[in-house]
1. Just to verify a result, which residue in region 155-181, among those that are surrounded by 22 or more Cβ atoms within 10 Å (Cβ to Cβ) and in a helix (DSSP H, G or I), is nearest to ligand 2 (Cβ to nearest atom)?
2. For region 80-91, which residues satisfy the criterion of being in contact with a helix residue (DSSP H, G or I) (Cβ under 8 Å, 6 or more places away or on another chain) and over 16 Å from residue 35 (Cα atoms)?
3. Going residue by residue through region 232-240, is there one that turns out to be open to solvent by 30 Å² or more (accessible area, probe 1.4 Å), outside any loop (DSSP other than H, G, I, E, B) and closer than 25 Å to residue 335 by Cβ?
4. Would you check which residues across region 358-393 are in a helix (DSSP H, G or I), over 9 Å from the mean Cα position of the chain (by Cα) and within 15 Å of ligand 1 (Cβ to nearest atom) and list them?
5. Which residues, taken from region 296-315, are more than 20 Å from residue 248 (Cβ to Cβ) and more than 15 Å from ligand 1 (Cβ to nearest atom)?
6. So, of the residues in region 56-106 that are in a loop (DSSP other than H, G, I, E, B) and of a type in the set (Val, Ile, Thr), which turns out to be nearest to the chain's Cα centre (by Cα)?
7. Check whether at least one residue in region 393-403 is within 16 Å of ligand 2 (Cβ to nearest atom) and under 29 Å from residue 101 (Cβ atoms), and report yes or no.
8. Just to be sure before I move on: is residue 125 at pLDDT 95 or above and either within 21 Å of residue 380 (Cα to Cα) or not polar (S, T, N, Q) (or both) in the structure I sent?
Amino acid sequence: MTNLSIETVSALEIVDCRLEPTLRVTVRTESGASGTADVPCGRSTGAHEAVERRDGGSRFNGKGVADAVEIVNEEIEPTLAGRDVTDQRAIDRALVELDGTSDRSRLGGNTMTGVSLATAVAAASATDLPLYRYLGRADAGSLPVPLFDVIEGGELAESGLAFQEHQLIPVGADSFSEALRMSAETYSLLGDLLEERYDARSRNVGVEGGYTPPLSDPRDAFDVALEAAERAGYGGAFALGIDAAATHFYDDQTETYAVLDEPFDRGELVEFYLDLVDAYPLVSIEDPLEEDDFAGTAELTEAVDAQIVGDDLFTTNSDRLRSGIERGAGDALLLKVNQVGTLTEALEAADLARRNGYDIQVSERSGQTPDTWLAELAVGLSATQIKTGVTRGERTEQYNRLLEIERDRDTLATLSEPPWS
Ligand code: PGA
Ligand code: ZN
């Protein structure tokens, strides 16, 4: 046995930013290196995501993960003990085999994600590399462009907006730190503007730390966000993005979408997006249609001059991404490790995306902790984009880690070039 052999794998039930239980997993090697990773959790989840293991019952209103902790300690540790911590593929394969289901429901996608990520963190520590460098080897390139969800709606806030995220994208920035500063200045002025125009409660933030003004038309959100950018002296330096998360305002009985007062059918919603792209600097649209509408998404991708990102559409799953690629649905992959359950599978999806000309946007979940593996993963993958909310510590820690990486690595002082650059 080498000193890279795994000695222990353990888990602890902790709470995420919503005070809901999640897992903190630690992998330790015989040499004494260790790595810990926290598992994120979505609210606006896709139907095709890996299933989480939750206890049910009354404890934590059914959301406890005590069973998952026991699975890690009793079942996963004996399976992984003695394996080389740097053989991520073999470890993830062993997890998939041990689970034995197609939807990860036995061990739980959350359990597997925690073990898989903690393995990588431990391996980076055992080999004395920062995680982004371990994940990216020599290739870890430029820093991702951040997309700031400055106005929230949908499942993430009670603002009245159907679209879940209205993002400001600092397309005019030359470096990550400049992108962050421009966005921070604009975010603050946007708060003032919302208070002037609506009410002080607009400053209340949603799950991802974006504002929640009482709006119902996304064009009002765009107008006020762009006006804040103007006020901050950055007119033209910001573009817009949305995560429509359309599944969550789709009615499958009537096959219509509740965006404005009158329900839209698919064709009308596609027209609405085309009009928005004509009228605004809208360069990125995530999940424009319900999560199984590959044909409609392909139609929009073909017709529109904006990036189309698949989140609920692909669920970081190579099979679903392959279907999308074959049909021309979308041109960017939203990457969330816990949607699929292991790091290896997420990296395979990223590889498939890249080989087919799809951009990669690494993403947080609405349930996060301040663990910064997400920022490391974005850099390690050379993802062109990162989506990790706006304020609240579990989001800002990702930005702070990216600032450190920018400082530490001169070669990373440049920003990536997403398709709109
Ligand atoms: P979730 O939302 O983390 O609740 O899934 C974020 C998103 O839809 O991108
Ligand atoms: Zn989404």
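1. 156
2. Matches in region 80-91: 89 only.
3. Looking through region 232-240, none of the residues is open to solvent by 30 Å² or more (accessible area, probe 1.4 Å), outside any loop (DSSP other than H, G, I, E, B) and closer than 25 Å to residue 335 by Cβ.
4. Within region 358-393, just 378 meets the criteria.
5. To start, the set of residues in region 296-315 that are more than 20 Å from residue 248 (Cβ to Cβ) comprises 298-299, 301-307.
Of everything in region 296-315, those that are more than 20 Å from residue 248 (Cβ to Cβ) and more than 15 Å from ligand 1 (Cβ to nearest atom) turn out to be 298, 299, 301, 302, 303, 304, 305, 306.
6. Out of the qualifying residues, it is 65.
7. no
8. Details: at pLDDT 95 or above: yes; either within 21 Å of residue 380 (Cα to Cα) or not polar (S, T, N, Q) (or both): yes.
So residue 125 passes the test.
The values are calculated or read from the model by the stated rules, or taken from the named source; none is laboratory data. No experiment lies behind these values; they were computed from the predicted model shown. Note: ideal-geometry Cβ built from the backbone for every residue, glycine included; neighbour counts use all protein chains shown. Ligands, DNA and RNA are excluded from the accessible area calculation, which covers all protein heavy atoms including side chains. Shrake-Rupley method; radii C 1.70, N 1.55, O 1.52, S 1.80 Å.
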